[in-house]
Each structure stands twice: as structure tokens, then as C-alpha cells.
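Let me begin by presenting the structure, written as C-alpha cells, before commenting on it.
The values are calculated or read from the model by the stated rules, or taken from the named source; none is laboratory data. Only a predicted model underlies this, so the values are computations on that prediction, with no experimental measurement involved. Cβ placement follows ideal geometry from the backbone for every residue including glycine, while neighbour counts extend to all protein chains displayed. Side chains included, ligands, DNA and RNA excluded: accessible areas come from the protein's heavy atoms. Shrake-Rupley method; radii C 1.70, N 1.55, O 1.52, S 1.80 Å.
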Amino acid sequence: MSTVTAQTTTSKNAESQIRALQDDWLKLAATKDVNRIMSLYTPDLVAYDAVGQLRFHGKEAYAKHWEVCLAMCPGPMAFEIHDLDVAVDGNVAFSHHLLEHAGKDPETGEDHTCWLRVTCGYRKRDGKWLIAHEHLSSPIDMESGKAMFDAT
């Protein structure tokens, strides 16, 4: 096998593993089990979420943020990834996608959906891909200064 073919095979295998990691993220986020969700992240994670503080540094800080967010969404939640694109180079990779988040308002029973833009950076540690950087955002309306969670 040539070096180029071996690198392509390795890259495709890594891409498949990262896609599986994102599938795991979807399933675990829906379960609301913060400990299991955090198992997908590196200890030195840096995250920029669409809500809350400007930056989260470290898995513990991000776990606390997840707990706060999940408390605000007591009903069932569903997530769906759209247009996932993955690039891999050695033990580092990144991806970007659109994330559709659906839930039910516990007081009114009304269904809510919002869209977020997501970029992730990954590192391979001890043979396993983990999320080392996560950035979720929503476009904003410049005139009102409000997030456009319903953008499509």
C-alpha cells in the first residue's frame, strides 16, 4: 500500500470515528446525563456556547454550564445534525455543522426549535477522539441585537 493510500485510509477511518463521536453526542445530549456527555471532551476543553458566559475553560466549567442549561429545559429534547463536514490531519481534526435543537416548553407544552452553528476541534488522545474545542453560535439581527435562533 502506498503512503498516500495509507494516509487516505487512516483519514477516512478517523473521519468515521469523529462522525460516530458526533452521533454519540446527539444521543447523550438527549439523555441529559452530564457525566456521560463530558466523557466526549478533553479535560482542557475550551468552549464558546451560544448562551451564558463568554468562554468556558476546562471540562468542569463546561459541565456546570451544561447542568444550568439542562435545568432550563426540563422536558425532553432532541438534536439533529445537518451538513456535518469533517477534516482530519494526524491527531487533530475539526468539523462544522448546523445543529437543530427541539424541545417542549414545560409550562405551555409548546414545541420550540432553534438552529445553531457549530464548529468543533478534536484531539486524538490514547487512541480516542475527543472534543477539545466547541463553538456554538447563532446569527444576530444587527438592528435589534437579538439572536436569530429561528434562522434557517
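Which of Met142, Met38, Met77 ends up with the largest GNM mean-square fluctuation for the chain, with Cα atoms connected below 10 Å?
Largest GNM mean-square fluctuation: Met142.
Note the full-extension length gain between Val46 and Thr108 as 0.36 nm times their separation in residues minus their Cα-Cα distance, in nm to one decimal.
Between Val46 and Thr108, full extension yields an extra 18.8 nm.
Taking only C-alpha pairs under 8 Å that are 6+ residues apart, what is the relative contact order of the chain in percent?
Computed value for the chain: 20 percent relative contact order.
Looking only at GluC sites (Glu not before Pro) in DSSP loops with at most 10 other Cβ atoms within 10 Å, what is the longest site-free stretch of the chain?
After excluding every exposed loop site, the longest remaining stretch is 1-106.
Please work out which option in (i) 56, 36, 28; (ii) 60, 32, 27; (iii) 43, 38, 35 gives Cα extents along the principal axes in Å calculated from these coordinates, and answer with its label.
(ii)
With all protein chains present and a 1.4 Å probe, how do Phe79, Phe149, Phe56, Phe94 order by accessible area, largest first?
In descending accessible area the options line up as Phe94, Phe149, Phe79, Phe56.
Any idea which of Ser95, Ser39, Met148 is furthest toward the positive side of the dipole for the chain, if Lys and Arg beta-carbons carry +1 and Asp and Glu beta-carbons -1?
Ser39
Would you look at the GNM of the chain, springs on alpha carbons closer than 10 Å, and say which of Thr119, Thr42, Thr108 moves the most?
Thr108
List the lysines whose alpha-carbon lies under 18 Å from that of Lys104, not counting same-chain residues fewer than 8 positions away?
Partners within reach: Lys27, Lys32.
With every protein chain kept in the model, how would you rank Asp89, Asp49 by accessible area, 1.4 Å probe, largest at the top?
Per-residue accessible area, sorted high to low, gives Asp89, Asp49.
Quick check for me: using +1 on Lys/Arg Cβ and -1 on Asp/Glu Cβ, what's the dipole size of the chain about its Cα centre, in debye to the nearest 20?
720
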